[in-house]
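Q: Sharing a structure here in structure tokens format.
Just so it is clear, none of the values below were taken in a lab; they were calculated from the coordinates. Everything numeric here is computed off the predicted structure, so don't read it as measured data. Here Cβ is always computed from backbone atoms with ideal geometry, including for glycine, and neighbour counts include all displayed protein chains.
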Amino acid sequence: MNPNQTPAIQLGIRVASPLAIVVGVYLLFAGHNFPGGGFAAGLVFGAVAILRTIAGLQRPKGTTALIACGVLMVTVVSFLPILWGDPLLDQRVVTFDLPLLGTIKTGTALVFDIGVSIIVVGLVSAIINGLSASQPTQGAGQPTQGAGQPTQGAPQ
Amino acid sequence: MLWALFLAHVAAVPAAAAAGRTSMRAGLFTAAAAPAAAAAWAAAELAGGGRTNTAELVWVGGLDVAIRLRADSLALMMTLLVAGVGALVMVYAAGYFGRNAAGATRFPATMLAFSTSMLGLVWADSVWTLFIFWEMTSVTSFLLVGHKHADASVRMAARRALVITAGGGLVLLAGLIVLAESAGSSALTAMEPVSGPAAATAGVLILIGAATKSAQVPFHVWLPGAMAAPTPVSAYLHSAAMVKAGILLIAVVGPALRGVAAWKWLGIAFGVASVVWGAVGALRHRDAKLILAWGTVSQLGLMVTLLSVGTAKAVLAALALLFSHALFKAALFLVVGEVDVRTGTRDIGDLGGLHRSMPTAFAVALLAGGSMVGLPPLLGFVAKETAIEAVLALAGAERAVVAAGVIGGSVLTVAYTVRLLHGVFGPGPPTPVGANRPLMAAPAAILGAAGVVGYAALSGVNRIVVPAAAELSEKADAYSLIQWPGLKTAFVVSVLIVGVGGVAGALWASRGVGRLPAPVGASAADGIVDKTLGFSPRLTALVQHGSLPVYLAVMGTVAVLAAAALASDFAGGHLIWWDHPLQAMLAAAVVIAALAAAFVGSRLGAALALGSVGFGVTGLFLVHGAPDLALTQLLVETVVVVGFVLGLGHLARRFPPVTGSWRSVRIMVAAAGGLAVTAALAAAGTNPTGKPPTLDLVAEAVAEGGGKNVVNVILTDLRALDTLGEVVVLATVAIGILALARVRTRPQAQTQES
């Protein structure tokens, strides 16, 4: 059995993934005032994806869509200000009140940051898929796409 | 108006392609509309006295990047020829191709695209605009010459034409840059006369560029091969349009370079060599179209010679020749094309007796051939008479060389014309001919008759040609073309030329058709192309051999050289060991991990050691007070280490052994890289350039970005354009990886299926 795909490791990674996602989301939103940001958040999400691949839990899907989506978000936010006469990449800051959470201050920079993190995730998952695609196929067993099943092609 | 006409041309290109879907004929008629309008406009402007129209589109004002168009008298005359002959040839092509010829979506649109580029070239008023259209004519003519691309010899001919004319275009670009720099302006008209070595360089380069386009010896080798094109293409490109581009260029830059000896003598050398060699070539061939092509080389040489001589009379003669040549050469090409289509051959050895079965074509050929020879009452007579007068007015060596070339070439011209007409239409068993093609006959008849009409209405031609010549040489205003010069020396010379040439041609023609001459030069041009194509895979194999370690070694060496340049700025005085003792400990850990990465034999071990280097550097960032950088570094290292674990599964556990000199090279590159980066960093660290910009950035971040994390505000707001560029790079890399992965999987997928 692949030592990376023992039940203990799989369980550990399965438990840790949601926590890591929460950390990533925190980094994304905290970035404006504290260490963090879209790039860091994207890396955390990417690390989760790689770990899940190694443990044979899940391989990332929809890489192309992720990249396209990220680039679209970033470019739209960048070029939208031109439509109403502001310079390229001009930021809008929005402040509003929400029940329970209090006053929220955010801006188009957040959308830009989310786009950046999506692109980073797309890059990482492209690398994962690239590495998995190049592994020698060993006859029996297709690489599985679903969660929770061991992947044949993972490292020995 | 210039923009309207130009945009009408541009818009008509896709329209012609769309109409071509219905039939070739519809496509060609659509394509002919825009040039017809341009020709009509030029005729109206000329009739109205020839005002100068200008138009410009400035793109980058400070850098003089603009499209400048200007239609003065000369440009109007060229417009009339380029667009008028273009429209007629397109109508002719409708007859040539028949209703449902192949390539109907391609041919009319390409033809119009060429016509459009040619119009832009004629109207160009800055050297840059001229160059752009110049190259566009090269590309579109390549497509036109290679129309029957299924034939390998056609592809070869088209490639040869492209290589020579586009290569000449690059030489021209160099010449135009030198000229514009030394004249201090990129405007073509009213360019100040230049002198000195720079002017001579510019003159030589521009002449070479023009000589490639106008098929001057020794660059003429592409023109006979280009006869592989459909005849309408030859009739247009090699009478009125493409080959006239070089003549026009020599004409418009001539005033600025008139005082430059190299310009004048190289031009005369090109011209005289082409006059003679072109005519000799025309005498040696038996394909009627090739005879005309070689004759074009000769006629163009005559124009180049006269323009290089540069006296007012010579310039006027050159333009008169240009005008008449466009008409009679196009007419002759069209007749030959009609003969080809209706008899199935263009070989003057097989043809004969067509004066009875194709009387209209014969009449047109007589008129056009008479104009080419220089017989009255035809336009060609007036032009040649003026040329001989201009040559006789010279003095000294110039007169001897130019007169020998012009008169000798003219004698040979008479000879090959007589031989051509005799071979195609003369006595002999009549060749069977196919059905009448009025669409082919009518444009040829119009162009042939233009020679007579031009002679009869010479005052009208004078109103076109004399102002055009005056644009180039002010004194040309004093001259005019005259119908009948009287018994002067020039006329006597003319009579002698026609007499001697006529006898020689008749004798040569009655001797029958000899063996085909070997193509000189064309094989050399093809050889250069083949050698280049054979060399490039070898060069690519050398530079892009696919070995990752060698790529890394090359990149490392370049990085060393770049870093080493900075090392000399090292100033020892500012160097301290550390700010904080923790830095020393972390640095020691980094060094140990780096050494481990270099020496450990297991791949996984090396990956982990590399990760340790990264984590150590993360610690250094933290100690330095850069939590953001540290966080990012930490995450990158994590992802990289985990990625290594994923990727290393496909490789052997241990590194393959590296031995011998390759090992020494790797050690040297690595050691040099380390030393150079250390030295460069030390140099950077010991040269503070002032107070750090941190405080300003913090203030700006809070005020403008509305955030307290300066790094993040810089990334998403203050310098967001950089970030935008970077993430686009990331996305591009990701797409590249996906594509590479797909390349790897495809053969595997196939083997799995089988």
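Q: I need to check one value: relative contact order of the range B:275-514, counting alpha carbon pairs closer than 8 Å and at least 6 residues apart, in percent.
A: Working: 374 pairs, mean separation 69.2, N = 240.
Dividing the mean separation by the residue count of the range B:275-514 yields 29 percent.
Q: May I have the pair-distance distribution P(r) for chain B, computed from all Cα-Cα distances with 10 Å bins from 0 and rounded to whole percent?
A: 3, 12, 19, 18, 12, 10, 10, 9, 6, 2, 0
Q: Take the alpha carbon atoms of the range B:216-234, find their center, do the same for the range B:655-708, and report the distance between the two centers in whole angstrom.
A: After rounding, the separation between the Cα centres reads 59 Å.
Q: Report, in degrees rounded to the nearest 10, the 0 to 90 angle that the Cα long axis of helix B:24-47 makes with the longest principal axis of chain B.
A: 70 degrees
Q: Also: Could you work out how far the C-alpha centroid of the range B:67-108 sits from that of the range B:568-582, in angstrom?
A: 74 Å
Q: With θ set to phi - 60°, apply the Karplus curve 6.51 cos²θ - 1.76 cosθ + 1.60 along the range B:254-266 and write out the HN-Hα couplings as whole Hz, x wherever there is a Gly or Pro.
A: Couplings: x, x, 6, 10, 4, x, 8, 5, 4, 4, 5, 6, 5 Hz.
Q: Okay, next question. Roughly how crowded by other chains is peptide A:61-68, in terms of the mean Cβ count from those chains within 10 Å of each of its Cβ atoms? Walk me through the numbers before you get to the answer.
A: Working: counts 0, 0, 5, 3, 0, 2, 7, 2.
Mean partner shielding for this stretch: 2.
Q: Here's another thing I want to ask about it. Given A:Leu131, A:Leu98, A:Ala47, which one lies farthest toward the positive end of the charge dipole of the range A:3-133, if we put +1 on the Cβ of every Lys and Arg and -1 on the Cβ of every Asp and Glu?
A: A:Leu131
Q: Consider all pairwise Cα distances in the range B:460-598 and report the whole-number % of them above 22 Å. Don't skip to the end; give the middle numbers.
A: Values: 7654 of 9591 pairs.
Taking all Cα-Cα pairs of the range B:460-598, the fraction more than 22 Å apart is 80 percent.
Q: Report, in degrees rounded to the nearest 10, the 0 to 90 angle that the Cα long axis of helix B:522-543 makes with the longest principal axis of chain B.
A: Rounded to the nearest ten degrees, it is 10.
Q: Sorted from fewest to most neighbouring beta carbons within 10 Å, what does the list A:Met73, B:Met90 look like?
A: On the way: A:Met73 20, B:Met90 28.
With the sparsest Cβ surroundings first, the list reads A:Met73, B:Met90.
Q: List the relative contact order of chain B as a percent without decimals, with contacts defined as Cα pairs under 8 Å and 6+ residues apart. Could you put the intermediate results ahead of the total?
A: Details: 1150 pairs, mean separation 74.1, N = 754.
Rounded, it is 10 percent for chain B.
Q: Another question about this same structure. Give me P(r) over the range B:1-125, computed from all C-alpha to C-alpha distances, binned every 10 Å, as integer percentages.
A: With a bin width of 10 Å, the distribution comes to 15, 41, 27, 14, 2, 0.
Q: Could you give me the radius of gyration and the Dmax of the protein assembly as shown, taking only the C-alpha atoms into account and expressing both in angstrom?
A: Over the protein assembly as shown's Cα set, Rg and Dmax evaluate to 37.4, 115 Å.
Q: What are the aspartates and glutamates whose alpha-carbon lies under 19 Å from the alpha-carbon of B:Lys244, with same-chain residues fewer than 8 places away excluded?
A: B:Asp72, B:Asp125, B:Glu135, B:Glu471
Q: Among B:Thr386, B:Ala288, B:Ala37, flag the residue with its Cα farthest along the positive direction of the charge dipole of chain B, charges on Cβ as +1 for Lys/Arg and -1 for Asp/Glu.
A: Of the listed residues, the answer is B:Ala288.
Q: Give, rounded to the nearest 20 debye, the magnitude of the charge dipole that the range B:275-514 has about its Cα centre when Lys and Arg contribute +1 at Cβ and Asp and Glu contribute -1 at Cβ. Intermediate results must be reported in sequence, preceding the final value.
A: Working: 16 positive and 11 negative charges, 77 e Å.
For this selection, approximately 360 debye.
Q: Are there any trypsin sites (Lys or Arg not before Pro) in the range B:38-119 that are in a DSSP loop and have at most 13 other Cβ atoms within 10 Å? List them by number. Write down the numbers at each step before the final one.
A: On the way: sites: B:Arg51, B:Arg68, B:Arg70, B:Arg99, B:Arg106; in loops: B:Arg51, B:Arg99, B:Arg106.
Sparse-neighbourhood loop trypsin sites (Lys or Arg not before Pro): B:Arg51, B:Arg99.
Q: Helix-derived [θ] at 222 nm for chain B: sum -39500 (n - 2.57) over DSSP H runs of at least 4, divide by residue count, nearest 500?
A: On the way: 29 runs with 553 residues, N = 754.
About -25000 deg cm²/dmol.
Q: Please average, across the residues of B:633-646, the number of beta carbons from any other chain that are within 10 Å of each residue's own beta carbon, and give a whole number.
A: Details: counts 1, 2, 11, 5, 1, 6, 14, 4, 2, 10, 9, 2, 5, 12.
Rounded to a whole number, the mean comes out at 6.
Q: Where does helix B:489-510 land angle-wise versus the long Cα axis of chain B, in degrees 0 to 90, nearest 10?
A: Helix B:489-510 sits roughly 90 degrees off the main axis of chain B.
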